[in-house]
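A.B. asks: Provided herewith is a single structure, encoded as structure tokens, for subsequent inquiry.
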Amino acid sequence: MFARLICGAAASALMLAAAGMASAQDFSALRLSDEIRTISADDFQGRYPGTDGEKKTLEWLQARYEAVGLEPGGPDGQWLQVVDLKRYTPVADAARASWTDAGGQVHVLTPGTDITLRAVTNDGQASITGAGLVFAGFGIHAPERGWDDYGDLDVTGKIVIVMGGEPDGDLFNGQYTTNYQSGAYKADEAKRRGAVGVITLSKAAAAEPAWTRSAQGAGRTRTLTPGAADTEFSGAINADTARALGLDVAALAGRIGTGDFRAFELPGLTMSVQVSETTETLRTHNLLAKITGTTRPNETIIYSAHWDHVGVNERAAGEDKIFNGAWDNASGTVGVVEMARQLKAAAAPERTFVFAHMAAEEMGLLGAYAYVADPVYPLATTVADINIDMLPLSGPTRDVPIFGKGQNSLEDDLQALAEKEGRYVSDDGQPEQGFYYRSDHFPFARAGVPALMPWHGVDWVEGGREAGLAAWQAKFGADYHRPSDEWSADWDLTSAVENLTLLYRLGLDLANGERWPTWKPTSEFGQVRAASDAARQ
Ligand SMILES: [Zn+2]
């Protein structure tokens, strides 16, 4: 066991006096373990949004923050930020679609077979008559990569058809994907340009399972991502429908990957669409606490972690129906609580610290999206988001992997701190997982706020990469999003303590300096941040 795990309050105070505040922490593996056990117990019922499990979790968090003397950090001096999630369900047999050819002949499309349609927007209703059609390739405008699928084409009032994914190759991050591959980005870009709808062109033919599966999925209840682009409708067509419209998927696939492609109108063609969905609201909450900065209180550093998990599922296989989520994310939740305790014990920071416990991450990062859509602290003067999702459970590691390596300068700050401990920052090593898009740092990144998400080291000090990777894969395979993700007295939280210590030092450096972390020139988020440069002069 490392000495810093057992150093008590008196020793800690001495260290503060002797070594300055950067050493004044004493993260305790025992206390982390104890608190994780509490909020992942069966009576928290898997912490599903809108349930009694939510209520218990938020009450526990508030009590912790009151005990260490933090201020409420939500809107209007409250602890909670209300998050109203709108859920949409298609009205059976209400969707209609057709297209009209250059000769004026109408071709009816069968929803669920030829085309899928959703109106997951503010009112759940879409009614479009005779809109022009545009094919926009991948639908990507990436100025930092010199890529522009739209060119000068005006798509105002039109329906934009795009291909899923993004171009292959190093221009788009090689093995790792960029945000440009996401449907949400493509919808945003089309909406910004005035389009009324976005249709994704599937490479699959009507009879292929890839299409029939996705067509079935399109009938399910869907929750709106707060702040998402509200084009009238979104949908998909298969390769057969595309061919009828004059779009040959195989021929286009070669053209759109070269960088020379420009969007074009489908000459003389129009489309009409009607969609109707019922809506309901699920109310949940983010909980926020803060330590107000002494000299630059309007500049904030956010530590975030999602408090929710996936609840109880009576249809789960086996006896145990409760998804306790001890690792995911009672551990990160407690990590943020303990971060707050340690930072409160340090000298008052110049900038403000915010501790944000996000709701509904497991439903698609929805609490964090709700926060950035309606931020309590202006995003332009939010210095950084440091997100903690699933603390590492191992002995000491040499590596400190992060999601989204190469994105912003926070990784260089972390590297400098890690080096002092003989450690190094690396990528997450699993490009196929798309981890960068799967936790609450991402909505911040997408909104231009430099964000950092550390992950589990696998380069063990004892046993190296071979032992570390095998152990990690076994643990992830056995427990991730399963009822067996439960607290255990056997957990080794040494690596968790080491990472929290690094993130504590990083936060203090940011809070007592004047630097603004920046996006790297190759990042797709630099342009978003640049729009608010004036606020950081
Ligand atoms: Zn999860």
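A.B. asks: Take the residues in segment 260-289 that are touching a helix residue (DSSP H, G or I) at 6+ places or on another chain (Cβ under 9 Å) and part of a strand (DSSP E or B); name whichever of them is farthest from Val372 (Cα to Cα). Outline the logic, then answer.
C.D. replies: From segment 260-289, those touching a helix residue (DSSP H, G or I) at 6+ places or on another chain (Cβ under 9 Å) are 261, 282, 284-289; that's our starting set.
Among the residues that remain, those that are also part of a strand (DSSP E or B) are: 282, 284-289.
On the way: Leu282: 19, Thr284: 16, His285: 14, Asn286: 12, Leu287: 14, Leu288: 13, Ala289: 16 Å.
Out of the qualifying residues, it is Leu282.
A.B. asks: Looking only at segment 148-178, count how many residues are modelled with pLDDT under 95 and open to solvent by less than 20 Å² (accessible area, probe 1.4 Å).
C.D. replies: 3
A.B. asks: Restricting attention to segment 472-508, and to residues there that are of a type in the set (Gly, Ala, Ser) and open to solvent by less than 30 Å² (accessible area, probe 1.4 Å), which single residue is nearest to Arg37 (Cα to Cα)?
C.D. replies: Taking segment 472-508 and keeping what is of a type in the set (Gly, Ala, Ser), we get 474, 477-478, 484, 488-489, 495-496, 507.
Retained after the next criterion (residues that are open to solvent by less than 30 Å² (accessible area, probe 1.4 Å)): 495-496, 507.
On the way: Ser495: 18, Ala496: 15, Gly507: 26 Å.
Here the answer is Ala496.
A.B. asks: I've got another one for you. Look at Asp248 and say whether it is open to solvent by 60 Å² or more (accessible area, probe 1.4 Å) and either at pLDDT 95 or above or within 23 Å of Ala205 (Cβ to Cβ) (or both). Show your work before the answer.
C.D. replies: On the way: open to solvent by 60 Å² or more (accessible area, probe 1.4 Å): yes; either at pLDDT 95 or above or within 23 Å of Ala205 (Cβ to Cβ) (or both): yes.
Answer is yes for this residue.
A.B. asks: Identify, please: which residue in segment 509-523 is open to solvent by less than 10 Å² (accessible area, probe 1.4 Å) and within 22 Å of the chain's Cα centre (by Cα) and is, among those, farthest from Leu379 (Cα to Cα)?
C.D. replies: Here the answer is Ser523.
A.B. asks: From Thr281, Thr225, Thr241, which residue is open to solvent by 20 Å² or more (accessible area, probe 1.4 Å), in contact with an Asp or Glu (Cβ under 9 Å, 6 or more places away or on another chain) and among the polar types (S, T, N, Q)?
C.D. replies: Working: Thr225 fails: in contact with an Asp or Glu (Cβ under 9 Å, 6 or more places away or on another chain); Thr241 fails: open to solvent by 20 Å² or more (accessible area, probe 1.4 Å).
Exactly one of Thr281, Thr225, Thr241 is open to solvent by 20 Å² or more (accessible area, probe 1.4 Å), in contact with an Asp or Glu (Cβ under 9 Å, 6 or more places away or on another chain) and among the polar types (S, T, N, Q), namely Thr281.
A.B. asks: What pairs come out if I take residues in segment 195-222 that are open to solvent by less than 30 Å² (accessible area, probe 1.4 Å) and pair them with residues that are of a type in the set (Lys, Arg) and part of a loop (DSSP other than H, G, I, E, B) whose C-beta lies under 8 Å away, six or more apart or interchain?
C.D. replies: Taking only residues 6 or more apart or on different chains, the pairs are Ala195/Lys158.
A.B. asks: Give the residues of segment 78-116 that are open to solvent by 70 Å² or more (accessible area, probe 1.4 Å) and on the phi > 0 side of the Ramachandran plot, sorted by residue number.
C.D. replies: Within segment 78-116, Asp93 is the sole residue that qualifies.
A.B. asks: Tell me which of these Phe261 doesn't satisfy, since it passes every other one: (1) in contact with a Lys or Arg (Cβ under 6 Å, 6 or more places away or on another chain); (2) open to solvent by 20 Å² or more (accessible area, probe 1.4 Å); (3) over 30 Å from Glu59 (Cα atoms).
C.D. replies: Only one criterion is unmet by Phe261, namely (2).
A.B. asks: Among the residues of segment 398-445, which ones are out of contact with any Pro (no Cβ under 8 Å at 6 or more places or on another chain), open to solvent by 10 Å² or more (accessible area, probe 1.4 Å) and of a type in the set (Ser, Thr, Tyr)?
C.D. replies: The answer is Tyr424, Tyr436, Tyr437.
A.B. asks: Taking segment 362-397 on its own, how many of its residues are open to solvent by less than 10 Å² (accessible area, probe 1.4 Å), within 16 Å of the ligand (Cβ to nearest atom) and not in a loop (DSSP other than H, G, I, E, B)?
C.D. replies: Of the residues in segment 362-397, 4 are open to solvent by less than 10 Å² (accessible area, probe 1.4 Å), within 16 Å of the ligand (Cβ to nearest atom) and not in a loop (DSSP other than H, G, I, E, B).
A.B. asks: Quick check on my filter: what residues within segment 134-147 are of a type in the set (Lys, Arg) and crowded, with 23+ Cβ neighbours inside 10 Å?
C.D. replies: Once the filter is applied, which keeps residues that are of a type in the set (Lys, Arg) and crowded, with 23+ Cβ neighbours inside 10 Å, segment 134-147 yields nothing.
A.B. asks: Would it be correct to say that Asp328 is touching a strand residue (DSSP E or B) at 6+ places or on another chain (Cβ under 8 Å), acidic (Asp, Glu) and open to solvent by less than 10 Å² (accessible area, probe 1.4 Å)?
C.D. replies: no
A.B. asks: State whether the residues of segment 58-77 include one that is within 30 Å of Ser276 (Cα to Cα), open to solvent by less than 40 Å² (accessible area, probe 1.4 Å) and either out of contact with any Ser or Thr (no Cβ under 9 Å at 6 or more places or on another chain) or at pLDDT 95 or above (or both).
C.D. replies: Within segment 58-77, the first condition is being within 30 Å of Ser276 (Cα to Cα), and the residues that meet it are none.
Scanning segment 58-77 turns up no residue that is within 30 Å of Ser276 (Cα to Cα), open to solvent by less than 40 Å² (accessible area, probe 1.4 Å) and either out of contact with any Ser or Thr (no Cβ under 9 Å at 6 or more places or on another chain) or at pLDDT 95 or above (or both).
A.B. asks: Might you check whether a residue that is within 16 Å of the ligand (Cβ to nearest atom) and touching a Ser or Thr at 6+ places or on another chain (Cβ under 7 Å) occurs anywhere in segment 280-301?
C.D. replies: The first filter runs over segment 280-301 and keeps only residues within 16 Å of the ligand (Cβ to nearest atom), leaving 284.
Checking the rest, the ones that are also touching a Ser or Thr at 6+ places or on another chain (Cβ under 7 Å) come to none.
Scanning segment 280-301 turns up no residue that is within 16 Å of the ligand (Cβ to nearest atom) and touching a Ser or Thr at 6+ places or on another chain (Cβ under 7 Å).
A.B. asks: Could you grab me the full set of residues in segment 446-467 that are under 19 Å from Leu500 (Cα atoms) and open to solvent by less than 50 Å² (accessible area, probe 1.4 Å)?
C.D. replies: Looking only at segment 446-467, we keep the residues that are under 19 Å from Leu500 (Cα atoms), and these are 450-461.
Result: Pro450, Ala451, Leu452, Met453, Pro454, Trp455, His456, Gly457, Val458, Asp459.
A.B. asks: Do we find a residue being within 18 Å of Ile386 (Cα to Cα), within 16 Å of the ligand (Cβ to nearest atom) and crowded, with 21+ Cβ neighbours inside 10 Å anywhere in segment 344-357?
C.D. replies: Yes, the conditions are met somewhere in segment 344-357.
A.B. asks: Of these, Ala119, Ala136, Ala142, which one is in contact with a strand residue (DSSP E or B) (Cβ under 9 Å, 6 or more places away or on another chain) and over 20 Å from Leu252 (Cβ atoms)?
C.D. replies: Numbers: Ala136 fails: over 20 Å from Leu252 (Cβ atoms); Ala142 fails: over 20 Å from Leu252 (Cβ atoms).
Only one candidate qualifies: Ala119.
A.B. asks: Take Ala340 and tell me if it is at pLDDT 95 or above, under 29 Å from the mean Cα position of the chain (by Cα), buried (at least 16 other Cβ atoms within 10 Å of the Cβ) and within 16 Å of the ligand (Cβ to nearest atom).
C.D. replies: Spelling it out, it is not the case that Ala340 is at pLDDT 95 or above, under 29 Å from the mean Cα position of the chain (by Cα), buried (at least 16 other Cβ atoms within 10 Å of the Cβ) and within 16 Å of the ligand (Cβ to nearest atom).
A.B. asks: Next question, about the same structure. Give the number of residues within segment 264-290 that are within 30 Å of the chain's Cα centre (by Cα), hydroxyl-bearing (Ser, Thr, Tyr) and over 30 Å from Gln62 (Cα atoms).
C.D. replies: Here is the first cut: in segment 264-290, the ones within 30 Å of the chain's Cα centre (by Cα) are 275-290.
The next check asks that each one be hydroxyl-bearing (Ser, Thr, Tyr); those that pass are 276, 278-279, 281, 284.
Now drop any that are not over 30 Å from Gln62 (Cα atoms), which leaves 276, 278-279.
Final tally of qualifying residues: 3.
A.B. asks: Can you go through Thr178, Thr156, Thr129 and tell me which one is closer than 26 Å to Thr89 by Cα and of a type in the set (Ser, Thr, Tyr)? I'd like the intermediate steps shown before the answer.
C.D. replies: Values: Thr178 fails: closer than 26 Å to Thr89 by Cα; Thr156 fails: closer than 26 Å to Thr89 by Cα.
So the residue among Thr178, Thr156, Thr129 that is closer than 26 Å to Thr89 by Cα and of a type in the set (Ser, Thr, Tyr) is Thr129.
A.B. asks: Another question about this same structure. Which condition breaks for Asp123 when tested against (1) of a type outside the set (S, T, N, Q); (2) open to solvent by 40 Å² or more (accessible area, probe 1.4 Å); (3) within 25 Å of Arg243 (Cβ to Cβ); (4) within 31 Å of the chain's Cα centre (by Cα)?
C.D. replies: Exception for Asp123: condition (3).
A.B. asks: Looking only at segment 291-325, count how many residues are closer than 16 Å to Glu54 by Cβ, outside any strand (DSSP E or B) and open to solvent by 10 Å² or more (accessible area, probe 1.4 Å). Break it down stepwise before answering.
C.D. replies: Taking segment 291-325 and keeping what is closer than 16 Å to Glu54 by Cβ, we get 305-312, 322-325.
Keeping just the survivors that are outside any strand (DSSP E or B) gives 307-311, 323-325.
From what's left, open to solvent by 10 Å² or more (accessible area, probe 1.4 Å): 310, 323.
Final tally of qualifying residues: 2.
The values are calculated or read from the model by the stated rules, or taken from the named source; none is laboratory data. Please read these numbers as outputs of a predicted model, since none were measured by experiment. Neighbour counts are summed over all protein chains in view; Cβ atoms, including those assigned to glycine, are modelled from backbone coordinates with ideal geometry. Just the protein is used for accessible areas: all its heavy atoms, side chains included, with ligands, DNA and RNA removed. Shrake-Rupley method; radii C 1.70, N 1.55, O 1.52, S 1.80 Å.
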